[in-house]
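**Q** Have a look at this one.
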Amino acid sequence: MTSVSPWWNPDSYADRRPFLLARDRIMASFREWFRMRGFLEVETPALQISPGNETHLHAFATEIEAPDGKRHPLYLHTSPEFACKKLLAAGEARIFTFARSFRNRERGALHHPEFTLLEWYRANEPYETLMADCASLLAEAAKASGHSTLRWRDRAADPFAAPERLTVAGAFSRFAHIDLMAMLTAGAPNLETMIAAARAQGVRLADDDTWSDIFSRMLVEKIEPQLGVGAPTLLYEYPLPEAALARPAIDPRVAQRFELYACGVELANGYGELVDAAEQRRRFEAAMAEKERRYGTRYPIDPDFIAALEKMPQASGVALGFDRLVMLATGATRIEQVLWAPVADPEP
């Protein structure tokens, strides 16, 4: 069996170095973009009491040993969101961070266990402003990389084109011929209707699928590959059950959540942030109950974060997968090509 050269092998590194230099230019360009708009760059700790409370995100667990020898569990965060929102509660109004983030059970062409999230927040500004931010940053990335087109496999997108704004319901209607809003009319989403729609589209089902399971599978298989082709897409107004950290939109069946796509790749996830502490705790508890049912584990809810929400102003925030954007801007085909020092694969 032929072994793969390590990333630090001079020949392998030479092949990757143009991507890395472009990464450096894009990061510098973004920092200047934020500085010119009055943002403050912040740093947040990776070690947290809670890594996040989403059902399907898996964290790396560790522990801290106090001077008296007592041990307490901690986690590497899956995003810097909780710490950033605490800074908003403290009084900051415009912040951004390039945060090393960690997610277990994720490795592939677009996934890496340690990666960089670019997150930014605007206090007392609508989430539509963040959509405009995303469009501007795509153009900045292209200019800094020296390429005029975003590419992923056989798809391309013009980073200078105005993104199409498409509701989730509109996308399901256009690409899957499903009336999504009809499923959301009476309280809880209608599972039987979603099952029938999925079967009609040839989407695989499992006996214990929830409405959210099928929604996510339909989104991944039928909707996402069509998004951001030719021009970027801003997909917005997600069903409220699919936006655990977002506040409801004018139509209470949907939430102020959007995602940015280019070349069929999800790049960013943004919210009009929920600041109702009691509702946020309720959503977290429901998500952790579902996590325990599925995976036999749950993560603690950070009481300090819930308390901070009571002081946090109305705000909007977005997390952008910086490595993925660099990939699309440079034409890289695997995420390791744009990482300075990838995480080693464990020995077989």
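**Q** Assess whether A144 counts as being closer than 30 Å to L325 by Cα and within 26 Å of the chain's Cα centre (by Cα).
**A** Answer is yes for this residue.
**Q** Based on this model, can you work out whether I214 counts as modelled with pLDDT under 95 and either surrounded by 15 or more Cβ atoms within 10 Å (Cβ to Cβ) or within 22 Å of the chain's Cα centre (by Cα) (or both)?
**A** The answer is yes for I214.
**Q** Now for a separate question. Can you tell me which residue is nearest to L130 (Cα to Cα) among those in the range 74-103 that are part of a loop (DSSP other than H, G, I, E, B) and in contact (Cβ under 8 Å) with a residue 24 or more places away in the chain?
**A** Within the range 74-103, the match that is nearest to L130 (Cα to Cα) is A93.
**Q** Right, here's the next one. Please verify whether E114 is closer than 21 Å to F30 by Cβ, under 19 Å from the mean Cα position of the chain (by Cα) and either of a type in the set (S, T, N, Q) or crowded, with 22+ Cβ neighbours inside 10 Å (or both), treating the condition exactly as stated.
**A** no
**Q** Take the range 60-85 and flag every residue that is more than 15 Å from L47 (Cα to Cα) and surrounded by 14 or more Cβ atoms within 10 Å (Cβ to Cβ).
**A** Correct list: K85 only.
**Q** To continue, here is another question. Taking the residues in the range 220-230 that are surrounded by 19 or more Cβ atoms within 10 Å (Cβ to Cβ), at pLDDT 95 or above and out of contact with any Ser or Thr (no Cβ under 7 Å at 6 or more places or on another chain) as candidates, determine which candidate is nearest to G170 (Cα to Cα).
**A** Looking at residues that are surrounded by 19 or more Cβ atoms within 10 Å (Cβ to Cβ), at pLDDT 95 or above and out of contact with any Ser or Thr (no Cβ under 7 Å at 6 or more places or on another chain), I get I223.
**Q** Let me ask something else about it. Out of the range 121-150, which residues are surrounded by 19 or more Cβ atoms within 10 Å (Cβ to Cβ) and of a type outside the set (G, A, S)?
**A** Scanning the range 121-150 gives Y121, R122, Y127, L130, M131, D133, C134, L137, L138, L150.
**Q** Another one. Taking the range 153-177 as the search range and keeping residues that are in contact (Cβ under 8 Å) with a residue 40 or more places away in the chain and of a type in the set (G, A, S), which one is farthest from L267 (Cα to Cα)?
**A** Across the range 153-177, the extreme among qualifying residues is A176.
**Q** More than 18 Å from the chain's Cα centre (by Cα) and either at pLDDT 95 or above or surrounded by 14 or more Cβ atoms within 10 Å (Cβ to Cβ) (or both): which single residue out of I306, I335 fits that description?
**A** I306
The values are calculated or read from the model by the stated rules, or taken from the named source; none is laboratory data. Just so it is clear, the structure is predicted and the values come from calculations on it, not from any experiment. All Cβ positions, glycine included, derive from the backbone under ideal geometry; neighbour counts span all protein chains shown.
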